[in-house]
């Protein structure tokens, strides 16, 4: 990599760190190419991105970013996973780590908050942004549905009473 490519890589990483809400750092030593491709696909499906970059360039790119606390985790063969959704990258990373013991989560950051490996795992157990939105819409929609059922219930009961009287008179 020449000097211009390094500057470009640092600039793109700095933009990523300023825009993303969560970053996960992990060791990937010992993973095969097929396993790395599976990790990338799993992250892409979850809405996250995986990137392997030189630790020194990542540390330079962290300058001025909220997630600067991950700088101490960048030792050895590390990769970074990031996403706009605060739960997507940790969920995909933890799921991949369960299947591959050579993939070791070192920690991460959510905004200015540093996360240890347990923090990343607990973040992975939370529902995603889309799931939370669906639950919220369900909660908002539920009272309207119950209100509609209650408003039609008296008419239905009245119809059943009239039907019962009609059946009694016919018998």
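Computed from the coordinates by the stated procedures, all read-outs in this text should not be read as laboratory data. Everything numeric in this text was worked out from a predicted model, so none of it was measured. Note that each Cβ is placed from the backbone with ideal geometry, even for glycine, and that neighbours are counted across all protein chains shown.
The simple spin-label model puts a point 7 Å past each Cα toward its Cβ; for residue 144 and residue 164 those points are separated by 3.4 nm. Taking the helices alone, the chain has a mean residue ellipticity at 222 nm of -19500 deg cm²/dmol, built from -39,500 (n - 2.57) per DSSP H run of at least 4 residues and averaged over all its residues. Give the distance, in whole Å, between the Cα centre of the stretch 109-136 and the Cα centre of the stretch 28-92. One Cα centre to the other: 16 Å. Across the stretch 70-156, C-alpha contacts under 8 Å between residues 6 or more apart give a mean separation that, scaled by the residue count, equals a relative contact order of 27 percent.
Give me the percent relative contact order of the chain, please, defined on Cα pairs under 8 angstrom at least 6 residues apart. So the answer I get is 26 percent.
Note on the chain: GNM, Cα springs under 10 Å; of 95, 159, 61, the largest mean-square fluctuation is that of 159.
What angle do you read, to the nearest 10 degrees and between 0 and 90, between the alpha-carbon axis of helix 129-170 and the longest principal axis of the chain? The angle comes out at about 10 degrees.
Kindly express, to the nearest 10 degrees and within the range 0 to 90, the angle between helix 88-99's C-alpha long axis and the longest C-alpha principal axis of the chain. That works out to roughly 80 degrees. Structural descriptor for the stretch 82-131: relative contact order 45 percent, calculated from alpha carbon pairs under 8 angstrom and at least 6 residues apart.
Would you work out if the chain is rounded, prolate or oblate? Take a ≥ b ≥ c from the square roots of the eigenvalues of the alpha-carbon gyration tensor; rounded if a/c is under 1.5, else prolate when a/b is larger than b/c, oblate otherwise. In terms of gyration-tensor shape, prolate. According to the square roots a ≥ b ≥ c of the eigenvalues of the Cα gyration tensor, what is the shape class of the stretch 127-171, taking rounded for a/c under 1.5, prolate for a/b larger than b/c otherwise, and oblate for the remainder? It comes out prolate by the Cα gyration axes. Nearest 10 degrees is fine. How inclined is helix 33-46 to the longest principal axis of the chain, computing both from alpha carbons? Tilt relative to the chain: about 40 degrees.
Classify the stretch 25-107 as rounded, prolate or oblate from the Cα gyration tensor: take a ≥ b ≥ c as the square roots of its eigenvalues, call it rounded if a/c is under 1.5, otherwise prolate when a/b beats b/c and oblate if not. Cα axes put the stretch 25-107 in the oblate bin.
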